Each structure stands twice: as C-alpha cells, then as structure tokens.
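I have placed the structure first, in the form of structure tokens, so that the comments after it can refer back to it.
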Amino acid sequence: MSQSAPESSSIWLRSRGEPSLADVFRSVSVAPSSSSWRKFLTFLGPGYLVAVGYMDPGNWATSLAGGAQFGYTLLVVALVSNIMAVVLQSLCARLAVATGRDLAQACRDAYPPYMAWPLWLLAELAICATDLAEVIGTAIGLNLLFGIPLEIGVLITGLDVFIILWLQTKGFRWVEAFIITLLGVIALCFAVQIAMADPNWGEVIRGFAPTTEIVTNPNMLYIALGIIGATVMPHNLYLHSGIVQTRAYGHTLPEKREALKYATLDSTVALTFALLINASILILAAATFHKAGHHDVAELGKAQELLQPLLGASIAPSLFAIALLCCGLNSTVTATMAGQIVMEGFLRLRLAAWLRRLVTRLVAIVPAIAVTLIYGEGQTAKLLILSQVVLSLQLPFAVVPLVMLTASKAKMGELVAPRWLTVVAAVIAAIIIVLNLKLIFDVATGA
C-alpha cells in the first residue's frame with residue numbers, strides 16, 4: 001500500500017497532475033534485491049547534474065575576480081556555499097521523494113495563484129540569468145579555442161537542444177554519463193593548471209578561515225554574493241527535485257526512505273567533488289593573477305591570455321579554454337532541463353520535447369546575442385558577475401518555499417524534515433536574505 005503523503009484539498013490546493021520530464025520519469029529501474037553498493041550506483045547521477053552549477057561560466061567570472069582581487073580570502077565563501085548547497089539539495093530530494101512533486105509543482109499546488117505566479121516569474125528570471133551566463137561562457141570557450149565570433153558561438157549553443165534529445169532517446173543514464181565525462185575533463189584540466197601554478201598551500205588553508213572583512217568590504221561582499229549565487233543556484237533546486245524522480249523507486253515508506261538516503265548521498269558526494277573544482281578556479285586566479293599583481297582580471301579571454309606568460313607553459317591557455325567549453329556545454333544542458341521543469345511544473349504546459357527545449361534555449365539565446373552585439377566581448381565579465389548576483393537575489397524566493405514545504409508534516413508525511421535540518425536551512429535562508437539586504441543598502445548608498 002502506498003505510503004505517500006495524502007492528497008487532500010486541506011493539504012494541497014491542487015492535485016499533483018502529470019510529472020515534469022514525463023519522458024524520463026521513473027525510467028531508471030531500481031532492483032529491490034540489489035546490494036547497497038549497486039543501489040548507490042543506481043542513484044548516482046542526478047547529484048552530478050546539480051554539481052554542474054558549481055562550474056558554470058558565471059561562477060568562473062566571480063571566482064576569477066575574487067581570486068585576482070583578494071587572493072585566497074574568499075575560499076571560505078566557496079566552502080560555506082558548498083555547505084549551504086548540500087543542505088538545500090538534501091531538502092530537494094526529500095521533497096521529491098515524499099510528495100512525488102518537484103519544487104515548481106509543489107509551489108503551484110501549495111500556494112494560491114497570487115503567490116504561485118510571482119514565484120514562477122522569479123524562477124524564470126533566475127533561469128534567464130543562468131542561461132545568459134552559460135550561453136555567453138560557452139560562446140567565449142568556442143572563441144578561445146576555435147576563433148569563432150561570439151555572436152555565432154551563441155547561436156551554436158542552441159545545438160544543446162539536439163544533444164539532449166539524442167541522449168534521452170538512449171536513456172537518461174546517457175545524459176548523466178555525458179555530464180560526468182565532461183566533469184572529469186574539467187577536473188583533469190584544473191589539476192594540471194594548479195600543478196603548474198604551484199600555489200602557497202599554507203595561504204590556501206588559511207583562505208578557508210572566515211574573516212569579517214568579507215562583510216565590511218563592499219567590493220568583497222559583492223563578489224562573495226556572486227559566488228553564493230553561482231553555487232547555490234535557484235534553478236538547481238528545481239532541477240534536483242525533478243531529476244531525482246527519474247529513479248523508479250517503490251512507493252512504500254521503507255522504499256522511499258532508502259531512495260532518500262541514496263539520493264542525498266549522491267548529491268553530497270557530487271557537491272563535495274564540485275567544491276574541489278570550484279575552489280580550484282579561485283586558487284588558480286590567486287596563485288597566478290593576484291600573485292603577479294594583476295588584480296583586475298575577470299574577463300575570461302584576458303585570463304586565458306595571461307596564463308601562458310605567468311605559468312610558462314603553452315598548454316595552459318588551451319586547458320583553460322577546454323575546461324571552459326566543457327563547463328558551458330554541461331551547464332547549458334542542465335539549465336535547459338531546469339527551465340523545462342519550471343515551465344511544466346508551474347504552468348502544466350505540455351509541449352513536444354524538442355519544442356519545449358527550443359523555447360527554453362531561445363529565452364537565453366536572444367538576450368545573449370543582444371548583449372554581445374551591444375556591449376561586445378569587453379563587457380562580458382561584468383555581465384557574468386551581475387548575472388550571478390541576480391541569482392543570489394532570487395535565491396530566497398526558491399529557498400524559503402522549499403524550507404516551508406519540507407517542514408510541513410501534513411504535506412511530507414513521515415518524511416518531514418527533522419527539526420534540526422529545518423532550523424539549519426532556515427538559518428541559511430536568513431543569511432542569504434541579510435547579505436542581499438546589505439548589498440542593496442551598499443548599492444543604494446554608494447558604499
């Protein structure tokens with residue numbers, strides 16, 4: 001007998017309806033008699049799609065700027081962001097397993113239209129900011145490697161629609177394998193570059209210690225918020241709560257508890273691995289640009305140009321460009337899927353698979369082309385950093401509903417979040433809100 005949270009008009013304002021990503025919903029089978037290791041491997045995958053958010057081109061811009069300006073100081077922000085992400089993504093998995101809804105569906109079904117519609121609009125705005133950064137970052141990667149003009153590169157990013165469609169015809173595991181393979185390439189590229197840069201590991205370790213300067217220095221706070229926005233990305237919360245449901249776990253309470261355990265373990269391992277990559281970008285910038293006195297490096301193209309003379313190896317710029325292109329490809333794929341989940345979850349809008357993804361991608365391509373035509377390549381870093389700060393400002397509108405929904409025993413049943421977890425998540429939400437208010441105050445007063 002199903003142990004799912006009861007469907008009642010007193011609990012949910014609307015019925016659950018069809019799942020998002022219906023073509024891959026529960027498409028990965030889970031053998032009930034498998035060993036623990038085999039079950040973990042079955043659930044391995046969604047966490048790495050979420051971890052891609054750590055390495056998107058917008059994150060590169062914020063980490064490069066942070067490392068070049070402030071050395072290793074902001075490594076603690078990367079660590080705190082990772083802890084925030086682990087907690088919030090565990091809540092996303094809990095919401096999905098307990099209710100059978102992703103975050104977009106849960107908001108639609110739990111709140112009246114005057115609340116759900118603004119949440120949808122804000123989610124779309126966050127995805128536009130995400131896509132803008134990722135499309136431009138991919139275009140820059142194509143430009144650095146092959147000399148393709150940015151405007152053409154932006155159009156080429158639309159091909160990710162067909163990559164997703166082709167991979168999903170083979171099964172969702174192929175999508176995950178594609179993402180994980182590119183993550184491996186990125187990790188290898190950064191491992192080689194870090195070895196070449198030979199950072200001061202004592203200063204690296206000290207960089208993970210907190211300092212009040214991050215809050216008192218407006219420039220440092222601006223970059224820190226960008227790092228948080230680039231790491232704990234709003235679209236990742238919608239994405240994870242959707243793709244967890246690609247696993248065909250059972251409907252009984254023990255089966256759901258087991259699914260939650262492995263899904264949480266998957267995302268925690270993946271996000272911890274991603275922290276190493278995320279920190280590597282900042283460490284590389286600190287060990288090369290900050291050390292050499294280049295404190296104003298944020299443009300991805302400029303960073304690539306400086307790597308060869310600073311590291312003394314001709315392969316360094318190529319590794320940088322390859323990693324950037326892999327990051328762009330990965331993040332555009334996952335952002336497109338997140339856009340699909342948000343569109344279907346909030347609006348119950350059902351379109352053909354290719355049309356859904358094409359519409360989602362065009363939402364990013366059109367403004368990206370406009371920005372590159374108007375501002376050119378020279379202003380891309382400012383745009384990328386601004387997009388990440390916009391994401392940080394949007395975070396509370398995804399985090400607060402997530403915390404409230406998973407704290408509701410009526411909606412979550414036996415899988416309601418423990419009190420301690422709700423308190424930790426609420427503190428995270430409060431920190432994000434306070435930092436955002438501080439940033440708005442600094443901007444308004446010209447601090």
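Shown are Ile374, Ile83, Ile163, whose ranking by accessible area with a 1.4 Å probe and every protein chain present, most to least, is Ile374, Ile83, Ile163. Dividing the Cα radius of gyration of the range 289-352 by 2.2 N^0.38 Å, with N the residue count, gives 1.75. Computed from Cα atoms alone, the Kirkwood hydrodynamic radius reported for the chain is 21.9 Å. Panel note: the C-alpha atoms of the range 20-104, placed on their principal axes, show extents of 52, 31, 20 Å (largest first). For the chain, the longest principal axis of the C-alpha atoms and the axis of helix 380-394 are separated by about 30°. Per residue, the convex hull spanned by the Cα atoms of the range 244-289 amounts to 57 cubic angstrom.
Compute the helix-to-body angle for 300-311: its Cα long axis versus the longest principal axis of the chain, expressed 0 to 90° and rounded to tens. Relative to the chain, helix 300-311 is tipped by roughly 60 degrees.
Model label sites at Val427 and Thr211, defined 7 Å from Cα along the beta-carbon direction, differ in position by 2.4 nm. The residue list Leu362, Asn436, Pro118 was ranked by how far each Cα lies along the charge dipole of the chain toward its positive end, using unit charges on Cβ atoms, and Pro118 comes out on top.
Taking Rh as the Kirkwood radius computed over C-alpha pairs, what is the Stokes-Einstein D of the range 218-361 at 25 °C in a medium of viscosity 0.890 mPa s, expressed in µm² per second?
Approximately 133 µm²/s, per Stokes-Einstein.
For the chain, relative contact order (Cα pairs under 8 Å, six or more residues apart, normalised by length) works out to 37 percent. At an R0 of 35 angstrom, the distance between the Cβ atoms of Ser314 and Phe40 translates into a FRET efficiency of 0.25. Once you treat every alpha carbon in the range 196-235 as an equal point and sum by Debye, what is log10 I(q)/I(0) at q = 0.24 Å⁻¹? Reported log10 I(q)/I(0), two decimals: -0.89.
In summary, the lysines within cross-link reach of Lys39, defined as a Cα separation below 22 angstrom excluding same-chain residues under 8 places away, comprise Lys170, Lys256, Lys261. Derived from the Cα gyration tensor, the three semi-axes of the equivalent ellipsoid of the range 81-156 are 34, 17, 10 Å, largest first. Using only Cα atoms, tell me the angle between helix 396-406 and the longest principal axis of the chain; keep it within 0 to 90° and round to the nearest 10. Tilt of helix 396-406: around 30 degrees.
In terms of its Cα atoms, the range 76-229 spans 52, 43, 30 Å along the principal axes, sorted from long to short. The residue list Leu142, Phe172, Pro234 was ranked by how far each Cα lies along the charge dipole of the chain toward its positive end, using unit charges on Cβ atoms, and Phe172 comes out on top. Classify the range 43-84 as rounded, prolate or oblate, taking a ≥ b ≥ c as the square roots of the eigenvalues of its Cα gyration tensor: rounded when a/c is under 1.5, otherwise prolate if a/b is larger than b/c and oblate if not. Here the range 43-84 falls in the oblate category. For the pair Leu347 and Leu159 in one chain, pulling the backbone fully straight at 0.36 nm per residue adds 65.1 nm over the alpha carbon distance.
Accessible area per residue was computed with a 1.4 Å probe on protein heavy atoms; Met196 scores about 60 Å². Only protein heavy atoms count here; under a 1.4 Å probe, Phe178 has an accessible surface of about 50 Å². Between Val359 and Phe273, the simple spin-label model (points 7 angstrom out along Cα→Cβ) gives 3.4 nm.
The values are calculated or read from the model by the stated rules, or taken from the named source; none is laboratory data. Worth saying up front: this structure is predicted, and the values here are computed from it rather than measured. Methodologically, a virtual Cβ is constructed for each residue, glycine included, from the backbone with ideal geometry; neighbour enumeration extends over all protein chains shown. Side chains included, ligands, DNA and RNA excluded: accessible areas come from the protein's heavy atoms. Shrake-Rupley method; radii C 1.70, N 1.55, O 1.52, S 1.80 Å.
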